[in-house]
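What follows is a single structure, written as structure tokens, with notes after it.
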Amino acid sequence: MQPIVEVTVAAVGLVIPAAGLGERLGVGMPKALFAVGGESLLVHAVRAGTASGVVTSVVVAAPMGQAASVHSMIERELPAGAALRVVDGGATRQASVRAALAELPADVRVVLVHDAARCLAPAALFADVAAAVAGGDDAVVPGLGVVDTLKEVGPLGEVIATPDRSRLRAVQTPQGFTREILERAHHEALRRGDNDVSDDAGLVERIGCPVRVIPGHAEAFKVTRPLDVELAEAVLTSRRGTVEESP
Ligand code: CTP
Ligand code: MG
């Protein structure tokens, strides 16, 4: 008979970079504090992460100078016993994640990094990513097939290449890592002088560690431009309808 291998998820820290300016959204405030469906993107993101049931502590990188108000905005969202720390973010997403990583409680062994801007990522996606890391992968990212044909172009708009679309994935967050690998990847990036790599898996790849893609979710899209706010509002309206209809 096959032995039953029980995978215990170690203490899981949720790191939320939320310090960006939201220039492409253009709402005159840091994007993570902008509200859809009556709550800030950050509150939605924290709720989803904690609703997964796997997160034992949360560290948020807040817009510069707003750590105290962000702390009081989200402390009521945390389940009893979960730790919350809020730090000032940095000038790049990478610097914000680095600042938050430095505040993770000592017991954390698995880290989920999740953009506040992907505010509607379902709770189950956090659990899936954490389970994949607990199951033995050092680095796990959710991803979806791309619908557009992508072209690599040069500075004058000339097409250089058309990668085979079937081999491409648009990656999302939460991205999950063993703490050791993620800390090493950030440390090495700093040493190399890389300071603006757009996702954490990209840093992990650069230290030669394999990264695995698992199925992502359409609702884990990133609120980036004004049209994304309309999509987020529509998703929230549809979720409310589903809850009201259920017995
Ligand atoms: N982020 C961060 N610190 C930064 C830049 C970005 O914590 N210095 C966070 C954002 O708050 C967001 C996530 O990283 O949750 C993804 O970044 P993005 O969608 O680019 O958000 P912004 O940088 O805020 O938007 P823009 O690039 O349009 O200014
Ligand atoms: Mg940005």
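Each reported figure results from applying straightforward, stated rules to the coordinates on display, with no laboratory input. Please read all numbers here as calculations on a predicted model, not as lab measurements. Reconstructed Cβ throughout: ideal geometry from the backbone, glycine too, with neighbour counts over all protein chains shown.
Comparing 207, 74, 16, which has the greatest mean-square fluctuation in the GNM of the chain with Cα pairs linked when under 10 Å apart? Highest fluctuation of the listed residues: 207.
A Cα-only calculation for the chain places Rg and Dmax at 18.2, 63 Å.
I'd like to know which of 106, 117, 72 lies farthest towards the positive end of the charge dipole of segment 43-198, counting +1 on Cβ of Lys and Arg and -1 on Cβ of Asp and Glu. Highest projection toward the positive end goes to 72. If you average the C-alpha positions of segment 89-135 and of segment 21-50 separately, how far apart do those two centres end up, in angstrom? If you average the Cα positions of each part, the centres end up 17 Å apart.
Just checking the listed ones, 223, 159, 59: in the Gaussian network model of the chain with Cα springs under 10 Å, the one fluctuating most is 159. Taking Cβ atoms as reference points and 14 Å as the exclusive limit, the residues near residue 173 contribute a net charge of -1, counting Lys and Arg as +1 and Asp and Glu as -1. For the pair residue 165 and residue 238, a Förster radius of 41 Å applied to the C-beta separation gives a FRET efficiency near 0.90, rounded to the nearest 0.05.
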